[in-house]
Each structure stands twice: as structure tokens, then as C-alpha cells.
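Presented below is the structure to which this report refers.
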Amino acid sequence: MTGRALAACQVSASYGSQRVLDRVDLHIAAGETVGLSGPSGSGKSTLARLLALLHRPDSGHVSLDGAAVTGTRHQVPVAMRTRVAILFQSPRAATDPRLTLAEIIAEPLRATGTPAEQARERTAELADTVGLTTDLLTRRPHAVSDGQLQRACLARALVHRPAYLLCDEATAMLDASTQAHVAAVIGEYQRRHSAGVLVISHDAALLARWADRVVDLS
Amino acid sequence: MTTTDPLLAVAGLTVRFRLPDAVVHAVTDLHLDIRPGELVAVVGESGCGKSVLAHALLGLLPRNATVTGRALLRTDSAGSRSGSAGSRGGSALARGGDGAAPVDLLACPPRQLARQVRGRVVGLVPQSPATSLTPVRTGRRLLVETLRAHGHTGADAPVAADRLAVDVGLDPADLDRYPHELSGGMAQRLATALALAPDPPLLLADEPTTGLDRPLVDHTLDLLRRRCDAGAAVLLITHDLAAAQRVADTVAVMYASRIVEHAPTEALFEAPGHPYSAALLDALPQRAFRPVPGHPPMLTDLPAGCAFAARCDRATPACRVQPAFTGIRAGQVACHHPLERAELCAEVPA
Ligand SMILES: Nc1ncnc2c1ncn2[C@@H]1O[C@H](COP(=O)(O)OP(=O)(O)OP(=O)(O)O)[C@@H](O)[C@H]1O
Ligand code: SF4
Ligand SMILES: [Mg+2]
């Protein structure tokens, strides 16, 4: 396959002796939104984590814009790592309770040594994009709702303008309006940057509405 | 719907959080009655105050919270309802008999809440179970201890634990795992089993289906419905409109800390009366998939009058005055210019 894409090529993965993925292929081209469905336990999240370079497959490989990736996130160059971002279902599990929402959004910028003033501007811009009002930015996770915290996680995921965004049930715990809003923000981002997006969901109506095509993993 | 007296009557519930430089208006002047056998769903946008409502009723708010209003819980009902799964003569509070005075959950001393009310009379299925389960005990120990504390014998409790596990859709073998060994969805089911174990007459379920896939979501919802049909009252707090539609008798729509409409489920989904309810339904992927335009107001800086005005295409100068809402009876709308059923039907081509 040619062109810019994030792809899983014949990947297999297991937990202990239980095989959850068996030589699976998945191709997310730049500019397209792929839906991924499948029953609980069918390996959707495992596949997303492989694509996000959080784990390595037992066999097969992940390819990023044509090049096979050999290591996990920490082992690959920053420029490669920041091309793929992932958003999880539970924002509580994905954030440090000691940080304010502004600090959570700016975390990846600090990690790459962005000057403070520039980081502040980018944080404010992203907070606005995801619809977080300014009074929330100085609060810590315990003092905001789940939906508000998930918006902060989305802002954090977009901070480095990833070429690929993987959403693992990322709107499952959101109300209908916040879900439609998050989908619209991601859709707008995807069009503007010609990004590739993976949407994992068990909600068929949501995938039908949001994704260009749907892959079923069962 | 039943015509019996409410089991819980919430009147004027108001919660404020003090922050260093602001006050959060999390719940404002909220009225809600719930009767035995009734399942009331509370829906609304993220951050509108749904969880705070549940936590206020359980006395579980953090220290920076101030609570006013009343939440009267009838205490003579637990033992008197019939047909309830595993009814064992009710709770300590219920033993007061038919003449027992109601308890005001908002004025109840913390010790009484902890010992006699929480768990026993008012069960909570929490929103983030992973953080609320004791990490050093297996699911089985947690469940058996809870069952024994609520009247099951040593011999009977393990059997009841297995039965409850199956009820909530867990493999009984999974009970032997520690909470950190459970997936989010499994932890959610364990938390549900723990809340159901004492067979409380009132159940507060705050997003009880988080992390579950659709078949398990439906399974859990139907389980709550069955508890209702057996005489319990259930307050289901959910962001999931489809969940509310599946099992609720009535739905209360919350916006910016207030209930703005409370209607029978079918009426709400077919012909919402409040412009916000209509906009929220429009956000569903099955409908327009269009977010409610604009953003909810900051709860630290609410406008005078109707808080939805800035996002509402029906707003007029009259909306600068807070619309009245007592909400005791389902079917009310807090709006100066509510939508009419006929008007909505007119938009649908015949
Ligand atoms: N301890 C606290 N201190 C200050 N503000 C708080 C605190 N806890 C909650 N809030 C605020 O109170 C409001 C209501 O929060 P709540 O958790 O009830 O929302 P929710 O309706 O349950 O949202 P979600 O659907 O996202 O769970 C939010 O604006 C939140 O930021
Ligand atoms: S009171 Fe006015 S602003 Fe508020 S919802 Fe009704 S019409 Fe809209
Ligand atoms: Mg909540």
C-alpha cells in the first residue's frame, strides 16, 4: 500500500496464553476516519494500543507512513512518536490528579521543551477548540466532571498536531451533546490537517454517522 | 406510575462549592419526588450537576460544599414492600413501623447516614467504581461481608454472593479476583452487585453502565428495572439518553444546575417541551448529530434569568426572569416559551 497511512500488518497479540489478535490487518489512510467495532474482548483496544506504539505485537508490524516501526513509543524518535495520539475512554485513569487542567493539556509541550509563553498560548487556543471555559483551566480533576476532563484529554492529544488520532471508546461516557461536539472537533481537525482517525465504538449509530467506513473485528 | 406517597421527596435542594476565588452553583432549587416502584432518570450535559445531586443525597460531598433544602426519605417503606427479591424485614430505620418519621437526608448527622442510611436504605452504584472498591479484598470477600452485614447468615451469604454475581453478569469465578485485576466493566458490575446486596428500598445509580458494552448495558438496565418492579425506587443518573428511554418511567432534564423539564419518558422523547431538551435530543447520532449550539454557562458565573437563553433560539426579553419550576409532578417545563406538541408534529412530514 502506498501513500501516507498508519497500518497494522498481520499483527498478532496475546495476554498470557490467550491470543486476542491473530494476523490482523488494519489500514488508516491520512484524511480518512475508520470506525472499528466488535464485541467485548475482541481485541479492539489491544489493536489501538499497538497502533499507538504502546505495545509491540507478538508478530507482524505497525507501519507509519510506509516505514515499519520497530520499537515502542519510548524507543522511537520524538518526531515519530508525536505523529500518533490516542484518546481513552476514562479520563480519570489517564490524568494526574495533582495537575490543573491547564497543566494536563500542556504536559506534552513541557516534555518536548516548549517555552512557557508559547505553551500558555497553545493551551488557551486548544481549550477554546475543545470548549473548555477558562474557569475550569485552573481546577484539578476532582473538581471537574468527567466530560470536562475528557475535553482536556482531547486538547492534550491534539497538542502536537498528530497525523493520526486513535479514539478508543472516547465518547462512550459523554452526554449526547458533548459527544457530538467532540466528534465535530475531531472531524474539523481531521479535515484541516488531513489526519487519519480511528474511532472505536460499540455504538453502531455513532459509527454510521461519524466514520467513512467501518471495520468489524470479530 | 404509582399513586403512592413518594419514598423520597427532594425540595429546594441547593449545593454550592466554595473555591478560592469563586462559588460553583452545582445544584439549584431542585425538586424531585420518587415513589416505590418508580424509575426516574436524570439526564443532562456534562457538568450540569447530575453526580453532585446523587452525592448530596448520600452525604458524600467534599468539605467545600454547602447544602440547603430538604430530602425527606420515608422510613416506613423498606419492610412493607412486597415481592422484593430477598426481602428480609427491611432496614434498621424501617423497623420504626408505619408511624416512623421521615429522615431528612440533608440534615442527617454523618454518623447516622453512614451507619443506618447509606448502603442499607439508600444504595449507590458509583460512577467510577475502580476508585471506590477496597483494593486489598477480593470481590467475594467484599460481597460476602456486605451480605452478612445486612442479615444474611454465614452459610447463606456465599450462595447469595454467587447469585448476585450472575445477576449483574459476572462469572462467579471473577469474584476471586482483586479489584485491580478487574477490567473497568467488571469493576462496574462488582460495584453494582455490592449496591444491590443490602436490597435497599432506594437505589441511586450514577452512570451504572460506564465501561460496559451494549449487551451488558442493557443487562444492567433491565436488572435495575426488575428491582423497581419488585418495589424499589431507582434514581438513574445517566448521560445515555438511550438508557433512559429503555427503562425510565419519567425523565428529568438538568441544565446548568437546575431541572428544566420533568416528563413521562415517551412524552419527552416524542415531544420535548423545553427548548434545551429538544436540542439535547437533536445531538443524538440517530437524529441530527448536532451539538447543542454554544457552550453551557460557567457555573461560577450564571446569568440572571434562564441560563439557556444565550443558546436558545426562542429567547425573548421575558427570559431575563428565571422561569418558575416546582417540578413536583412530572410534565412540567421551566420555560417562558415552551414547545407545543402540535408545533413539533407540524415539523414532521406526514
Ligand atoms: N469538589 C468540587 N469543587 C468545585 N466544583 C466542583 C466540585 N465537584 C464538582 N464540581 C463542579 O460541579 C459541577 C457539576 O459536577 P457533576 O460532577 O455533578 O457533573 P455531571 O453532571 O455529573 O457531569 P458528567 O456527566 O460529566 O459526569 C461541574 O461544573 C463541576 O466542575
Ligand atoms: S425561558 Fe426563554 S431562553 Fe429559556 S429556554 Fe425558554 S424560551 Fe429559551
Ligand atoms: Mg457525573
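The values are calculated or read from the model by the stated rules, or taken from the named source; none is laboratory data. These numbers were taken from a predicted model, which means no experiment stands behind them. As a convention, Cβ positions derive from the backbone with ideal geometry for all residues, glycine included, and neighbour counts pool all protein chains shown.
Just to check your reading of the model, which residue among B:Leu202, B:Leu212, B:Leu221 is touching a helix residue (DSSP H, G or I) at 6+ places or on another chain (Cβ under 7 Å), more than 12 Å from chain A (Cβ to nearest Cβ) and buried (at least 21 other Cβ atoms within 10 Å of the Cβ)?
Values: B:Leu202 fails: touching a helix residue (DSSP H, G or I) at 6+ places or on another chain (Cβ under 7 Å); B:Leu212 fails: more than 12 Å from chain A (Cβ to nearest Cβ).
Just one listed residue meets the conditions, B:Leu221.
Which ones in region A:169-189 are within 14 Å of another protein chain (Cβ to nearest Cβ) and more than 21 Å from B:Ala243 (Cα to Cα)?
Pass one, region A:169-189, residues within 14 Å of another protein chain (Cβ to nearest Cβ): A:169-188.
Within region A:169-189, A:Ala184, A:Val185, A:Ile186, A:Gly187, A:Glu188 meet the criteria.
Scanning for something more than 21 Å from B:Val251 (Cα to Cα), at pLDDT below 95 and assigned to a loop (DSSP other than H, G, I, E, B), does region B:323-346 turn up at least one residue?
No: zero hits.
Just need a number here: residues in region A:13-42 that are polar (S, T, N, Q) and surrounded by fewer than 17 Cβ atoms within 10 Å (Cβ to Cβ).
The qualifying residues number 4.
Determine whether A:Ala93 is in a loop (DSSP other than H, G, I, E, B) and within 14 Å of chain B (Cβ to nearest Cβ). Don't jump to the end; show me each part of the working.
Values: in a loop (DSSP other than H, G, I, E, B): yes; within 14 Å of chain B (Cβ to nearest Cβ): yes.
Answer is yes for this residue.
Which residue is farthest from the other protein chains (Cβ to nearest Cβ), if the candidates are limited to region B:11-62 and must be part of a strand (DSSP E or B) and of a type in the set (Lys, Arg)?
B:Arg16
Looking for whichever is in contact with a Leu (Cβ under 9 Å, 6 or more places away or on another chain), at pLDDT 85 or above and buried (at least 18 other Cβ atoms within 10 Å of the Cβ) here; the options are B:Leu133, B:Leu194, B:Leu182. Which one fits?
On inspection, the qualifying residue turns out to be B:Leu194.
Considering only residues that are outside any strand (DSSP E or B) and more than 26 Å from B:Met298 (Cα to Cα), which ones fall in region B:245-267?
Matches in region B:245-267: B:Gln245, B:Arg246, B:Val247, B:Ala248, B:Asp249, B:Thr265, B:Glu266, B:Ala267.
Taking the conditions exactly as written (outside any loop (DSSP other than H, G, I, E, B), surrounded by 19 or more Cβ atoms within 10 Å (Cβ to Cβ), in contact with a His (Cβ under 8 Å, 6 or more places away or on another chain) and modelled with pLDDT of 95 or more), does A:Ala85 satisfy them or not? Even if it seems obvious, please write down each step before you answer.
Working: outside any loop (DSSP other than H, G, I, E, B): yes; surrounded by 19 or more Cβ atoms within 10 Å (Cβ to Cβ): yes; in contact with a His (Cβ under 8 Å, 6 or more places away or on another chain): yes; modelled with pLDDT of 95 or more: yes.
So A:Ala85 passes the test.
In region A:135-168, how many are at the interface with chain B (Cβ under 8 Å from one of its Cβ atoms) and more than 16 Å from ligand 3 (Cβ to nearest atom)?
1
Between residues in region A:99-121 that are farther than 15 Å from A:Thr134 by Cα and residues that are small (Gly, Ala, Ser) and surrounded by 12 or more Cβ atoms within 10 Å (Cβ to Cβ), which pairs lie under 6 Å by C-beta distance while being six or more apart or on different chains?
Pairs found: A:Leu109/A:Ala119; A:Ala119/A:Ala106.
Among A:Leu126, A:Leu137, A:Leu109, which is under 16 Å from B:Leu299 (Cβ atoms) and either among the hydrophobic types (A, V, I, L, M, F, W, C) or touching a Leu at 6+ places or on another chain (Cβ under 9 Å) (or both)?
Values: A:Leu126 fails: under 16 Å from B:Leu299 (Cβ atoms); A:Leu109 fails: under 16 Å from B:Leu299 (Cβ atoms).
The match here is A:Leu137.
Can you say whether B:Val292 is within 12 Å of ligand 2 (Cβ to nearest atom), facing chain A (nearest Cβ under 9 Å) and in contact (Cβ under 8 Å) with a residue 24 or more places away in the chain, as far as the supplied structure shows?
The answer is yes for B:Val292.
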